[in-house]
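Below: one structure, written as structure tokens.
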Amino acid sequence: MKVKVNRARRSTDKHHSANPRRWSAQVMKTSNALDLEPGIFTRRSARAIAASLKRSALASHRRRAQPYQSAMSMLSFHINRSGRGLTPERRRVLERAKRELRKLFGRAE
């Protein structure tokens, strides 16, 4: 009788940090999507967040996708991973940042 080995799990075990609840912070720092400016998602202005994401996307050599796609995916990732921790006001600012990002890249709403 053969025993199945769960290779997917074994390969990911070494990548977990000491605190598994903070994995999304690690993704933000080390992902190949973008090199983000520090404190980008704590800014109060949706336009400032979008402009910073655009600058990061255009300047990054680590991204694999187009600049717009990388910037939007990082913003969406942040919103999704923040979940219930986001206040309604903060969520509104980040959702407005999506609209601003579309405008900055000349994409239709």
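Checking the condition under 14 Å from the mean Cα position of the chain (by Cα) and at pLDDT 85 or above, which residue from 99, 81 passes?
The conditions single out 81.
Going through segment 62-94 one residue at a time, which ones are under 20 Å from residue 109 (Cβ atoms), free of Cβ contacts under 8 Å to residues at least 24 places away in the same chain and in contact with a helix residue (DSSP H, G or I) (Cβ under 8 Å, 6 or more places away or on another chain)?
Correct list: 76, 79, 91.
Quick one: which residue in 58, 94, 75 is modelled with pLDDT of 90 or more, hydrophobic (A, V, I, L, M, F, W, C) and in contact with a Pro (Cβ under 6 Å, 6 or more places away or on another chain)?
Answer to the selection: 58.
Exactly one condition in (1) acidic (Asp, Glu); (2) loosely packed, with under 15 Cβ neighbours inside 10 Å; (3) assigned to a helix (DSSP H, G or I) is false for residue 100; which is it?
(2)
The values are calculated or read from the model by the stated rules, or taken from the named source; none is laboratory data. Just so we're clear, the structure is a prediction, and the values are computed from it rather than from any experiment. Note that each Cβ is placed from the backbone with ideal geometry, even for glycine, and that neighbours are counted across all protein chains shown.
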